[in-house]
Amino acid sequence: MSVNQQRPDFSMDLSIQEFERHYWYKNELIHICSMHNISSSGTKAELEVKIKKLLIGEKTIDHRLLNTNIRKKQELNEISLSTRLIPDGFKFNQKAREFFAKYYNKSKFTFTKEMAAALREAERQGNIEMTVADLIQVYEGKTKLESPEEKTYQWNNFVKDFNKDSRTKGFKDRMKVAAQIWSKVRDNPGEKLYSPLLLDEYLNQMNE
């Protein structure tokens with residue numbers, strides 16, 4: 001995949017389709033939101049949603065921030081399987097860690113990114129019925145989380161697939177090579193996925 005179309009600068013003249021075709025770093029999205037007086041809090045996926053609403057002139061309401069504030073204001077004295085995450089004030093703190101450790105009969109318990117993402121998704125959707133029992137289903141992998149946030153891990157997935165290619169093991173600085181190839185994919189339209197063809201093109205350019 002050769003670079004034949006550089007990513008445009010952000011402007012209000014961009015269509016949503018053009019915006020989606022290119023890769024944007026989180027700090028760039030934060031800057032765009034700040035420049036247009038939009039809340040710059042949230043995950044990368046949430047910032048992208050806000051900006052797409054901005055491009056079509058739709059008013060942006062940070063539902064997740066509203067529900068986060070509701071959850072954090074509540075004092076939770078006791079945790080049970082029926083505890084509702086948002087209205088009852090569930091938090092990922094020592095009390096919750098002790099509850100899950102006791103539930104699984106472990107000396108220690110570590111929260112997972114899937115659990116945190118599930119809570120954020122509940123706040124984003126305004127799902128006030130999600131409980132600790134539902135969170136356990138996520139932890140055990142019985143409930144698969146599908147959210148816009150998962151789609152933002154493009155660079156991490158790119159590097160993972162790059163490292164799986166056995167031919168990359170001979171590079172002295174694999175991350176530097178991965179970053180050079182990624183730069184060609186990042187600013188080009190289309191999916192931001194690693195392909196052995198990209199390595200072939202890189203090696204050909206090095207030989208030339």
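The values are calculated or read from the model by the stated rules, or taken from the named source; none is laboratory data. Computed from a predicted model, the values in this text were never measured in an experiment. Neighbour counts run over all protein chains shown; Cβ positions are idealised from the backbone, glycine included.
Side notes on the structure shown:
- Any hit, the range 97-104, residues being more than 28 Å from Lys192 (Cα to Cα) and either in the same structural domain as Tyr194 (by TED's automatic domain parsing) or crowded, with 16+ Cβ neighbours inside 10 Å (or both): yes
- When restricted to residues that are surrounded by fewer than 20 Cβ atoms within 10 Å (Cβ to Cβ) and closer than 18 Å to Ala117 by Cα, the range 45-57 contains 1.
- Residues considered: Ala133, Ala117, Ala178. Of these, the only one that is over 22 Å from the mean Cα position of the chain (by Cα) and either touching a residue at least 12 places away in the same chain (Cβ under 8 Å) or assigned to a loop (DSSP other than H, G, I, E, B) (or both) is Ala133.
- Taking the numbered list (1) at pLDDT 90 or above; (2) buried (at least 16 other Cβ atoms within 10 Å of the Cβ) in turn, Lys164 passes all entries but (2).
Condition check ((1) surrounded by fewer than 16 Cβ atoms within 10 Å (Cβ to Cβ); (2) without any contact (Cβ under 8 Å) to a residue 12 or more places away in the chain; (3) among the aromatic types (Phe, Trp, Tyr)) across all residues:
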position: Thr60; (1), (2), (3): no, no, no
position: His63; (1), (2), (3): yes, no, no
position: Ile70; (1), (2), (3): yes, no, no
position: Phe92; (1), (2), (3): yes, no, yes
position: Lys113; (1), (2), (3): yes, yes, no
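- Qualifying residue in the range 144-152 (condition: surrounded by 15 or more Cβ atoms within 10 Å (Cβ to Cβ), under 30 Å from Asn69 (Cβ atoms) and without any contact (Cβ under 8 Å) to a residue 60 or more places away in the chain): yes
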